[in-house]
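Written out below as structure tokens is the structure these notes cover.
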Amino acid sequence: MTTVAWQRRRLGAVRFWNAYRTHRAGLLGFAALGAFALVALTAPLTVGADVTGVTDAPGRPLESPSGEFWLGTDRYGRDLLGLVIWGSRVSLLVGLLAAVLSVAIGTLIGVTAGHFKGVYATVAMRVTDWFLVMPTLVLAIALATVMSRSLGTVIVAIGVTSWPTTARLVRAQTLAVESRPYIERATALGGGHGHIMLRHVLPNVMPLVLAQTTLMVSSSILAEATLAFLGLGDPTVVSWGGLLQEAREAGAVSAGDWWYLVPPGIAIAGVALAFTLCGRAVESVLNPRLGVGR
């Protein structure tokens, strides 16, 4: 039985990839994400942790791009190329973890609200509506302000404020799944609430959850960059948003030091676009009726 289930999963993965690779934009996004991931994973080997050191910076403050420093230096004389490479580790990590936390909360609330209905569903959806109408960034800033400044705080602040959209989508899918005849049969045969939700509902909503996760990562990375730019990130680590915040403090905008602003900005935009392209392609594969362009 286990072998049959494994073969089905393998065939499903093959069919998914065959459909996914027909989307040129999705393949472009996937290749870009692979490049970003490779840069982040090999950063300790290519640039090393000492690139973030201030006391032994190799250059002069705010040097323009040259053969020695391809992207110039920051206000401390550190190599900006090395900082951008090292900052990819934090930005991608925070974006992924915050997206997973957000989708996990939204999935839990969506599935339970769609299954139990009644008073619980009403209260859960009213809370969801409240979070939907409140500006996510404002709530995240409020949480990041009252909590200690750390990567954990940033992840929690983004995750607990950006789940409502996922909850709404998952609840709608849960209601659709539970209206099917096999759910009634499973209930008649003695299946409890946990059995119905875990064995029947959750597997059917997972494609939607997967697509939503890929889309949420880009939003989480942008939110992390915004919080860091506002000075609410962890001051002890280097991230793309933190580099932009340092550039603002150093007066790079008024001084015309474009090399301080452009590289981290392009990195943020590039990884957000890559995740969005992948998410749209996954959506189109899992639900062809969306008609997402290729």
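Using the empirical formula 2.2 N^0.38 Å as the baseline, the Cα radius of gyration of the stretch 101-217 reaches a ratio of 1.18. Over the stretch 1-149, all Cα pairs binned in 5 Å intervals from 0 give whole-percent P(r) values of 2, 7, 8, 10, 10, 13, 14, 12, 9, 7, 4, 3, 1, 0, listed from short to long.
Taking every alpha-carbon pair under 8 Å whose residues sit at least 6 apart, the stretch 155-294 reaches a relative contact order of 22 percent.
For the chain, list the DSSP H helices whose alpha carbon atoms reach 15 Å or more along the long axis and whose average Kyte-Doolittle value is 0.0 or above? For the chain, where a helix must reach 15 Å along its axis and average at least 0.0, the hits are 24-41, 80-116, 118-133, 136-146, 164-178, 202-229, 258-286.
Once C-alpha pairs closer than 8 Å and six or more residues apart are averaged by separation and normalised to the residue number of the stretch 69-199, the relative contact order reads 31 percent.
In this view, the solvent-accessible surface of ARG75, computed with a 1.4 Å probe and all protein chains in place, comes to about 70 Å².
For the stretch 20-78, carbon and sulfur atoms together expose 65% of the accessible surface, with a 1.4 angstrom probe and every protein chain in place.
Mean sequence separation of contacting Cα pairs (under 8 Å, at least six apart), scaled by the length of the stretch 49-123, corresponds to a relative contact order of 20 percent.
Taken per residue, the accessible surface of the chain reaches 52 Å², heavy atoms only and a 1.4 Å probe. In the context of the full protein assembly, THR3 retains an accessible surface of approximately 90 Å², using a probe radius of 1.4 Å and ignoring ligands and nucleic acids. Largest to smallest in accessible area, the residues SER162, SER91, SER64 fall in the order SER64, SER162, SER91 (1.4 Å probe, all protein chains included).
The Kirkwood radius of the stretch 160-202, taken over pairs of alpha-carbon atoms, gives through the Stokes-Einstein law at 4 °C and 1.567 mPa s a diffusion coefficient of 115 µm² s⁻¹. Put a plus charge on the Cβ of each Lys and Arg, a minus charge on the Cβ of each Asp and Glu, and nothing anywhere else: the dipole of the stretch 11-124 about its Cα centre is then about 700 debye.
The simple Förster model, with R0 at 22 Å and r as the Cβ-Cβ distance, assigns ALA255 and THR46 a FRET efficiency of 0.15.
Adding -39500 (n - 2.57) for every DSSP H run of four residues or longer, then dividing by how many residues the chain holds, sets the calculated 222 nm ellipticity at -23500 deg cm²/dmol.
For the residues TYR76, TYR20, a 1.4 Å probe over the protein chains yields an accessible-area ranking, largest first, of TYR76, TYR20. The charge dipole of the chain, taken about the Cα centre with unit charges on the Cβ atoms of Lys, Arg (+1) and Asp, Glu (-1), comes to about 1660 debye, rounded to the nearest 20.
Largest accessible area first, the listed residues LEU277, LEU92 line up as LEU277, LEU92 when surface is computed with a 1.4 Å probe on the assembled protein chains. Note the listed values (i) 22.8; (ii) 19.2; (iii) 14.9, then indicate which one is mean projected area of the Cα convex hull in nm² calculated from this particular structure. From the options (i) 22.8; (ii) 19.2; (iii) 14.9, the structure gives (ii).
The values are calculated or read from the model by the stated rules, or taken from the named source; none is laboratory data. Everything quoted here is computed from the prediction, not taken from an experiment. Cβ: placed from backbone, ideal geometry, glycine included. Neighbour counts: every protein chain shown. Accessible surface areas use protein heavy atoms only, side chains included; no ligands, DNA or RNA. Shrake-Rupley method; radii C 1.70, N 1.55, O 1.52, S 1.80 Å.
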